[in-house]
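First comes the structure, then the notes that go with it.
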Amino acid sequence: MTDTEIHDFLQQSIEENRVMLFMKGTPDAPACGFSARTAAALGALGTPYAALDILPDPRIRQELSALSNWPTIPQLFVNGKLVGGCDIVTEMYDSGELAELLGVEQPADEEVPAAPEAEAPQAAPLGLENRLG
Amino acid sequence: MPRPEELQHRIESALPGARAQVQDLTGGGDHFRAEIVSDRFAGLSRIEQHQLVYGIFGAEIGGPIHALSLKTSTPEGTTA
């Protein structure tokens, strides 16, 4: 897979998925606390989202950061636009802005769940391997 | 290994008038948390505020600085 193919794949993922999360690991098995927290916020809102694990190839992260001008993972895109990483998503969850952006009800429990263990992913995670072979 | 004081100094030099509080979250010199108040953030979205700060450190973020968690605000207390 060339860098350009990775870039195009990422671009396409962002365009095709209204809510697109790039993370370390998967919503089921996050590999980093920041990714876990971000996936948990989306899970708590019950909104369908696509997730992509950036760990399988270091070039995914490289190409993603080049594309988004954002240095860290996770990165959440909504409607093709970068919303932010863990800090911003958590802040927006707490203030209700994230629910508003996604057009869903803010859950009664105001706190972001600490761990997403009990949360089933709302959409099957995208696998780079099954998209690009 | 970057120290919190160094990060604080670099943020405050890059954003004149800013006040930054930087914590080393793990004591390991690679996971930091910065709370920054600057009037340079006025009129910028949260994303743009954070990008402004990340821009100070460039490729060091994800490198020697594994993680830099941010909370940004303007002196008036608005965040967006």
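Quick notes on this structure:
- Each Lys and Arg contributes +1 and each Asp and Glu -1, all at the Cβ; summed about the Cα centre of the protein assembly as shown, the dipole is approximately 400 debye.
- DSSP beta bridge pairing in chain B, given as percent antiparallel to the nearest 5: 45
- Nearest 10 degrees, 0 to 90: helix B:46-57 Cα axis against chain B principal axis: 40
- Each 5 Å bin from 0 upward holds the following percent of the Cα-Cα pairs of the protein assembly as shown: 1, 7, 15, 19, 19, 17, 12, 7, 2, 0, 0.
- Listed residue (A:52, B:45, A:92) projecting farthest to the positive dipole end of the protein assembly as shown, Cβ model: B:45
- Considering only A:40, A:20, A:6, the residue lying farthest towards the positive end of the dipole of the protein assembly as shown is A:6, judged by Cα position with unit charges set on Cβ.
- Report summary: the helix-based calculation at 222 nm, which adds -39500 (n - 2.57) for every DSSP H run with n ≥ 4 and divides by the residues of chain B, gives -9000 deg cm²/dmol.
- Karplus-derived 3J(HN,Hα), 6.51/-1.76/1.60, for each residue of region A:7-17, Hz, glycine and proline x: 4, 5, 4, 5, 4, 5, 4, 5, 6, 8, 10
- Nearest-20 debye value, region B:4-73 charge dipole, Cβ charges on Lys, Arg, Asp, Glu: 220
- Computed from Cα atoms alone, the Kirkwood hydrodynamic radius reported for chain B is 12.5 Å.
- Once B binds A, the 1.4 Å probe can no longer reach about 1300 Å² of accessible area, counting both sides.
- Extending 7 Å from Cα along the Cβ direction at residue A:108 and again at residue A:5 yields two label points whose distance is 5.1 nm.
The values are calculated or read from the model by the stated rules, or taken from the named source; none is laboratory data. Keep in mind it's a predicted model, so treat the numbers as computed, not measured. In this analysis, Cβ positions are derived from the backbone assuming ideal geometry, glycine residues included, and neighbour counts consider all displayed protein chains. With ligands, DNA and RNA removed, areas are computed over all heavy atoms of the protein, side chains included. Shrake-Rupley method; radii C 1.70, N 1.55, O 1.52, S 1.80 Å.
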